[in-house]
Amino acid sequence: MITIKSNPKSFDDSGLNWECEIRDNNYPIFCMDDKNYVLDKDGNRIVDKEQIGIGYASKNIVRTDTQVCLGTMKSQYTIIQNSATWDALHEALAGVKFDIINSGYTLNGQKTFIQAKVDGDDFKIDGEKYTGYLTIWNSHDGSIVCKLGSTYVRIICSNTFNESFRSTKNTTGNVELKVRHTSNASIQFSNMME
């Protein structure tokens, strides 16, 4: 399942105007799968409500507006907030005419994306006018790195999310910048745009 906002004019309109926080594993929070079933520590679906317990990993990544656990991580994991990805994409395109064509997230917010369509002759990659989408992908479940890249795939479903993420690799003329969710992620993220 994917939630998409077309042509958001601001971060507040993007569908991504929520934050995540890291909570210790003693906080009573539940992880859910793609069908919204509550999972136990081994990833098995819990049917009996009496069996529902707390998260069991080092840290729980929790979406603060819904209180849903998006993933469980080791203690060195660092969150890159949605607002930081929105700002990074705008910073990367400063001085270039562009429109945010869509933004959204998969499942309950485990993976997020923002796509921009660049307009005009002033945006070039390897000296050629670029007509694709500049996209920033991120995750709050540890499944992917935060990545800024160019792709010709417009995200309209989970399959195109995955294809657009993969399409930046090994393609001539594509841009791909990555930041891992480690303790120095905020420093790396700031440096990525320089």
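The values are calculated or read from the model by the stated rules, or taken from the named source; none is laboratory data. All values derive from a computational prediction rather than experimental measurement. As a convention, Cβ positions derive from the backbone with ideal geometry for all residues, glycine included, and neighbour counts pool all protein chains shown. Heads up: the accessible areas ignore ligands, DNA and RNA and are worked out on the full protein's heavy atoms, side chains in. Shrake-Rupley method; radii C 1.70, N 1.55, O 1.52, S 1.80 Å.
Can we say I101 is open to solvent by 10 Å² or more (accessible area, probe 1.4 Å), modelled with pLDDT of 90 or more and within 17 Å of T160 (Cβ to Cβ)? Criteria met by I101.
Could you tell me whether any residue of the stretch 80-91 is in a strand (DSSP E or B) and in contact (Cβ under 8 Å) with a residue 40 or more places away in the chain? No. Would a scan of the stretch 68-81 turn up a residue that is of a type in the set (V, I, T), closer than 30 Å to G132 by Cβ, open to solvent by less than 70 Å² (accessible area, probe 1.4 Å) and at pLDDT below 85? Yes; the residues of the stretch 68-81 include at least one that is of a type in the set (V, I, T), closer than 30 Å to G132 by Cβ, open to solvent by less than 70 Å² (accessible area, probe 1.4 Å) and at pLDDT below 85.
Screening Y27, Y56 for residues that are modelled with pLDDT under 65 and either within 21 Å of S143 (Cβ to Cβ) or of a type in the set (D, E) (or both) leaves exactly one candidate, Y56.
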